[in-house]
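The values are calculated or read from the model by the stated rules, or taken from the named source; none is laboratory data. Keep in mind the model is a prediction, meaning the values are calculated, not measured. When we count neighbours, we look across all protein chains shown, and the Cβ atoms used for this are built from the backbone with ideal geometry, even at glycine. Heavy atoms of the whole protein, side chains included, go into the accessibility calculation; ligands, DNA and RNA do not. Shrake-Rupley method; radii C 1.70, N 1.55, O 1.52, S 1.80 Å.
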Amino acid sequence: MAIEHLKKSKPEAERAEEDARVRATVEATLADIETRGDAAIRGLSEKFDNYSPRTFRLSASEIEAAMQEVSTRAMEDIRFAQAQIRRFAEAQRASMTDVETETLPGVILGHKNIPVQSVGCYVPGGKFPMVASAHMSVLTASVAGVPRIIASAPPVDGKPHPAIVAAMHMGGAHEIYVLGGIQAVGAMAIGTETIEPVHMLVGPGNAFVAEAKRQLFGRVGIDLFAGPTETMVIADHTVDAELCATDLLGQAEHGFNSPACLITNSRRLAEDTMAEIDRLLAILPTRETASASWRDYGDVIICESYEEMLDVANDMAYEHVQVMTDRDDWFLENMNAYGALFLGARTNVANGDKVIGTNHTLPTKKAGRYTGGLWVGKFLKTHSYQKVVTDEAAAMVGEYGSRLCMLEGFVGHAEQCNIRVRRYGGRNVPYGSAAEPLHAAE
């Protein structure tokens with residue numbers, strides 16, 4: 001049996017048209033921020049958020065006032081989530097060690113893991129103020145040891161969102177701004193009269209934020225290229241339609257263009273899940289967005305075998321992959337392109353997004369083929385260094401270096417090696433020539 005698409009999302013050509021419109025808007029907006037700085041930022045904030053405070057940066061007293069608005073229970077929940085995220089990030093950081101080794105007598109090579117020196121963390125607001133995104137970016141950067149962490153989120157109902165401010169502050173942000181959209185990431189990366197630019201941008205956002213990060217990449221580092229959230233359910237006869245439908249719609253509610261895909265080897269489960277999705281959409285409070293995503297970006301794919309399911313899943317390389325089968329660990333062993341795996345019926349993407357401890361900023365649009373998600377290592381740069389500590393090593397390595405430079409025609413390069421052969425090896429190497437071998441090839 002060939003792979004069968006019981007339901008198929010809109011074609012790539014239509015998606016490309018939408019991307020082109022976003023790209024043009026972002027390009028013009030970033031150019032305006034570059035030219036007019038704070039004035040452009042204020043104009044954009046007034047236009048999109050109807051928000052124009054004296055300063056977009058929150059003072060210590062304003063941070064404290066916002067945190068006072070957060071309920072005791074919500075503060076406890078934030079602390080619990082941050083404790084889990086910190087614990088896992090610290091374990092990840094501990095796995096990254098500096099290296100130093102003597103590769104030849106007198107030749108010492110090594111690398112050091114150095115934190116990025118300044119990071120801008122964007123936290124989405126809008127329809128769904130994403131408190132958890134503050135944990136994922138700010139807290140993880142803090143564990144990595146980043147010395148300057150700034151965070152920005154749009155206003156909600158005309159003021160800073162109290163729980164987002166609390167999460168940013170508790171996560172370790174050194175500066176907190178109330179700015180959203182292109183103006184936030186543009187200000188953090190380009191800088192204005194009042195905002196010092198950062199070296200790296202991280203955090204999820206809508207299509208305009210994602211495109212702004214893409215256009216700013218190179219000027220600053222970014223965590224990854226991110227599009228709308230994606231969720232995939234890989235399921236067999238061991239689970240029921242209600243579980244599959246719930247997990248698909250749980251992510252489809254993010255926006256009008258959030259892909260959701262079911263891959264199964266059970267026609268009955270596929271058909272039952274589609275019927276269950278229709279039932280749930282009639283009662284889901286966020287059905288306006290979830291139904292649009294499911295209509296335009298939903299896929300149901302029936303495969304003949306588990307191997308076929310695996311091949312399809314690896315090719316699609318979705319952000320969130322929920323695996324509920326009789327061989328979950330087999331998928332863990334063999335999946336090679338995804339954002340994060342959620343294994344077993346007891347596990348779910350929402351826990352991963354909010355509280356369990358892994359990071360929810362993950363690759364989309366098939367980027368899982370070449371990168372993982374945001375983690376403590378993204379905030380660390382691995383820099384190598386070299387030391388030659390004996391005369392013998394300087395002369396011996398210099399011989400090889402000299403000849404290899406001349407092989408490529410780099411005479412000036414060769415002289416860097418030759419002068420060491422002359423000075424530390426006591427050998428007369430004519431200027432502009434290759435050092436003749438004294439040592440046998442290793």
Report task. Please list, in chain and number order, the residues 5+ apart from Met232 or on another chain whose amide H is under 5 Å from its amide H, with Hs placed from the backbone. Result -> Cys261, His320, Val321, Gln322
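With charges set only on the Cβ (+1 for Lys and Arg, -1 for Asp and Glu), what does the dipole of segment 209-316 come to about its Cα centre, in debye to the nearest 20?
Working: 8 positive and 20 negative charges, 122 e Å.
It works out to roughly 580 debye.
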Query - Where N is the number of residues in segment 1-101, Cα Rg divided by 2.2 N^0.38 Å - result: 1.84
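Using the Cα centre as the reference, give the magnitude of the dipole from point charges on the C-beta atoms of segment 248-406 (Lys, Arg: +1; Asp, Glu: -1; all else neutral), rounded to the nearest 20 debye.
Details: 15 positive and 22 negative charges, 125 e Å.
The dipole of segment 248-406 has a size of about 600 debye.
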Query - Check: segment 330-442 dipole with +1 on Lys, Arg Cβ and -1 on Asp, Glu Cβ, in debye - result: 620
Requested in this report: Sticking with the crude label model, points 7 Å out along Cα→Cβ, report the distance from His383 to Glu12 in nm, one decimal please.
Outcome: 4.0
Query raised in the report: Once you sort the root eigenvalues of the Cα gyration tensor of segment 364-442 as a ≥ b ≥ c, which label holds: rounded (a/c under 1.5), prolate (a/b larger than b/c) or oblate (the other case)?
Result: prolate
Report summary line: By the Cα gyration tensor axes a ≥ b ≥ c (a/c under 1.5 gives rounded; else a/b larger than b/c gives prolate, otherwise oblate), the shape of segment 367-412 is oblate
Query - Residues of the chain: accessible area per residue with a 1.4 Å probe, Å² - result: 47
Report task. Report, largest value first, the span of the C-alpha coordinates of the chain along each principal axis, in whole Å. Result -> 87, 65, 43
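For segment 219-298, what does the alpha-carbon gyration tensor say about shape, rounded, prolate or oblate, given a ≥ b ≥ c as the root eigenvalues, a/c under 1.5 as rounded, and a/b over b/c as prolate? The partial results should precede the final answer.
Numbers: a/c = 2.89, a/b = 1.57, b/c = 1.84.
Judged from the Cα gyration tensor, segment 219-298 comes out oblate (a/c at least 1.5, b/c at or above a/b).
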Report task. Work from the charge dipole of the chain (Cβ charges, +1 for Lys and Arg, -1 for Asp and Glu, about the Cα centre) and give the residue of Ala241, Ala187, Trp294 farthest towards its positive end. Result -> Ala187
**Report entry** Packing-based ranking, highest mean first, of 212-224, 120-132, 277-289 given that Cβ atoms within 10 Å are counted
**Finding:** 120-132, 212-224, 277-289
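Return the subset of Lys213/Lys381; Lys112/Lys213; Lys47/Lys127 for which the Cα-Cα distance in this structure is over 24 Å, preserving the input order. Mind dumping the intermediate values first?
Values: Lys213/Lys381 19 Å; Lys112/Lys213 27 Å; Lys47/Lys127 17 Å.
Those over the limit are Lys112/Lys213.
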Report summary line: Label model pair Asp19, Ser71: point-to-point distance (7 angstrom along the Cα→beta-carbon line) in nm is 4.2
Query raised in the report: Which peptide among 97-110, 368-381, 17-30 comes first, and what is the full order, when sorted by highest mean count of other Cβ atoms within 10 Å?
Result: 368-381, 17-30, 97-110
Query - Top positive-direction residue, dipole computed over the chain with Cβ charges, set Pro162, His5, Asn428 - result: Asn428
Query raised in the report: Within the accessible area of segment 174-292, what % is carbon and sulfur when the probe is 1.4 Å and the other protein chains stay in place?
Result: 53
Requested in this report: Excluding residues fewer than 8 places away in the same chain, name every one of the aspartates and glutamates whose C-alpha is closer than 13 Å to that of Lys159.
Outcome: Glu46, Asp49, Glu62, Glu69
Query raised in the report: Measuring from the lowest to the highest alpha carbon on each principal axis, how far does segment 142-268 reach, largest first, in angstroms?
Result: 61, 33, 31
Query - Unit charges at the beta carbon, dipole of the chain: most positive-side option, His383, Ala89, Leu269 - result: His383
Report summary line: Partner aspartates and glutamates whose C-alpha sits under 12 Å from that of Lys387, ignoring same-chain residues fewer than 8 away, are Glu100, Glu102
